[in-house]
Amino acid sequence: MDSFKIGQITVRPKNCSKFYGTETLLDWQKRKLSGARDLPPKTEGRTGRIRYKVDGLTATGDLLVVGVIQGGTVAQGMDEDPMGSPFIITKQTEEKLVETLHMEEEAAKWILRILSFVMLFVGFIGIFNPIVSALEKIGEFGCGLDIFAKLFYLVDALLSLFIVVVAVVFINYFWIVIFLVFLLFVAIGFAAHKALSKRKAKKG
């Protein structure tokens, strides 16, 4: 449908970015016969099987809509929403929707973390590959340097993992990290001041 109303608010679901709690509204399958006239034009004259499956939300019962209201209308790409705020239509409860969004966010975070690890791991290999290859070649003469080439991949994996963990901690606990760094500088400054005071006292 082009639109429906929730109270006095008109919702235009076209191009909605996210639907949750969808169900199968139509699941139809039949044999395609050559020249069949009850099929869409694009499928006429073909053989085999065709299946139409339509998933969606029925506009009956309670619906939860999340979006920007402009002129009593909620739609995707509103003029006052250039940044594209979420436009969500669901039959889920508010609590269930929040839980679903949280799970999506956590899954996206883990995907980015894994991709970051892989990119760092491959990047370090690309940077140090000439050195590793040289150590492997030298190790062929029995110098024992090939062991460093083999250890490189372990060190590379551990370093990449360390960088990702540090980045995650810094992002999640930004202000705590800043506060701890501030305390560290204060402690260093205080220790340096005490040391200078002791030196001056000894000279005096």
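General observations
- Tensor-based shape of the stretch 93-172 (alpha-carbon gyration tensor, a/c under 1.5 rounded, otherwise prolate or oblate): prolate
- Amide H partners (placed H, <5 Å) of Val74, local residues excluded: Thr10, Val11, Arg12
- Using a simple spin-label model with pseudo-atoms 7 Å out from Cα toward Cβ, Lys137 and Ala157 lie 2.7 nm apart.
- Pair Val181, Glu106: separation of 7 Å Cα→Cβ label points (nm): 2.9 nm
- For the pair Arg113 and Thr24, a Förster radius of 30 Å applied to the C-beta separation gives a FRET efficiency near 0.30, rounded to the nearest 0.05.
- Residue pairs exceeding 23 angstrom between C-alpha atoms, taken from Lys5/Lys91; Lys53/Lys96; Lys53/Lys109; Lys109/Lys150: Lys53/Lys96; Lys53/Lys109; Lys109/Lys150.
- Length released on extending from Val169 to Thr73, taking residue separation times 0.36 nm less the Cα-Cα span: 30.4 nm
Laboratory data are not the source of any read-out in this text; all were calculated from the coordinates shown. Quick caveat, the model's predicted, so the values are computed rather than measured. Glycine also receives a Cβ, built like all others from the backbone with ideal geometry; neighbour counts cover every protein chain displayed.
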